[in-house]
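The values are calculated or read from the model by the stated rules, or taken from the named source; none is laboratory data. Because the structure is a prediction, the values reported are computed rather than measured. So basically every Cβ, Gly included, is an ideal-geometry build from the backbone, and we count neighbours across all protein chains shown. Surface areas here come from the heavy atoms of the whole protein model, side chains and all, with no ligands, DNA or RNA. Shrake-Rupley method; radii C 1.70, N 1.55, O 1.52, S 1.80 Å.
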Amino acid sequence: MNVPEPIRPLIRRHTLITRITHWTWAICLFFLLLTGLQIFNAHPVLYWGDQSGFAFDNSVLRLAPFPQWATIPSGVDLATGRVIHFFFAWVFVATLMIWLLGALFSGHLFQDLMLRACHWRQLLPDARDHVLFRFKHSARYGPLQRLSYAAVLFGLFPLMILTGLAMSPGMNAAQPWLPEMFGGRQSARTLHFFAASGLAGFFVLHVVMVLLAGPLNEMRAIVTGWYRPDTEEMGDV
């Protein structure tokens, strides 16, 4: 007779700040992406350098305009799209600062996002488990989670913010070195587009992983903070 395994107790996995900033980012990224498509549609060509236009041969990518149903506002309204985009961009930046302070204070930054030697050694086996849909439900992030979250938080997020500032005429006048960091304003726009594409891809993959790993457990953790791991572990990450 098979004896069923005992149900593991719930543990506190996510702090309140982690949960609030997670959902704030989700809302911000939704509006930033769709208003960004509205702005991009005004001239759906990417360039490299400082200048753009018909007189220059520095385009790197030409795309068809995105459909109006995929933009905010739904229609040709560049001015409104820019206002909404800039509003949520600053909310996004403020949220990142709040998360960083909370992660430093709680220890979340060093305990759960820093990759140590042991995590690098486990990275390939962890990636293989994910490819084979063998998901481990641990209180702490696994090596692949640490690497992907660190890449987004300390790679794509800062790149989005800095390239966005580099496209601002006001910032160009006050800090002319900023667009030159990226090879010019048009280069910053191109990098901004690809960073946004990377974030969109991460968002889709993140949702897929949540659904495959067990949506009830994962959603409960990011909404209430409580999580059921496979083994008895300490929580509060």
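Could you tell me which numbered condition Ala166 fails, if it satisfies all but one of (1) in contact with a Phe, Trp or Tyr (Cβ under 6 Å, 6 or more places away or on another chain); (2) closer than 30 Å to Leu123 by Cα; (3) free of Cβ contacts under 8 Å to residues at least 40 places away in the same chain? (2) is the only condition that Ala166 fails. Each residue in the stretch 122-141 was checked for being over 21 Å from the mean Cα position of the chain (by Cα) and part of a loop (DSSP other than H, G, I, E, B), and 8 of them qualify. Summed over the stretch 112-121, residues that are open to solvent by less than 90 Å² (accessible area, probe 1.4 Å), over 17 Å from Pro229 (Cα atoms) and in a helix (DSSP H, G or I) total 4.
Selection over the stretch 101-111 of residues that are surrounded by 15 or more Cβ atoms within 10 Å (Cβ to Cβ) and without any contact (Cβ under 8 Å) to a residue 60 or more places away in the chain gives a count of 1. Within the stretch 56-76, is there a residue that is over 24 Å from Gly198 (Cβ atoms), out of contact with any helix residue (DSSP H, G or I) (no Cβ under 6 Å at 6 or more places or on another chain) and loosely packed, with under 12 Cβ neighbours inside 10 Å? Looking through the stretch 56-76, at least one residue is over 24 Å from Gly198 (Cβ atoms), out of contact with any helix residue (DSSP H, G or I) (no Cβ under 6 Å at 6 or more places or on another chain) and loosely packed, with under 12 Cβ neighbours inside 10 Å.
Check the stretch 67-86 and report whether any residue there is in contact (Cβ under 8 Å) with a residue 60 or more places away in the chain and of a type in the set (S, T, N, Q). Scanning the stretch 67-86 turns up no residue that is in contact (Cβ under 8 Å) with a residue 60 or more places away in the chain and of a type in the set (S, T, N, Q). Counting the residues of the stretch 150-163 that are open to solvent by 60 Å² or more (accessible area, probe 1.4 Å) and in contact (Cβ under 8 Å) with a residue 60 or more places away in the chain gives 0. Selection of the stretch 128-159 for residues being under 27 Å from Trp90 (Cα atoms) and among the aliphatic types (A, V, I, L, M) yields Leu147, Ala150, Ala151, Val152, Leu153, Leu156, Leu159. If you check Gly184, Gly198 for being farther than 22 Å from Leu32 by Cα and surrounded by 13 or more Cβ atoms within 10 Å (Cβ to Cβ), only one passes: Gly184.
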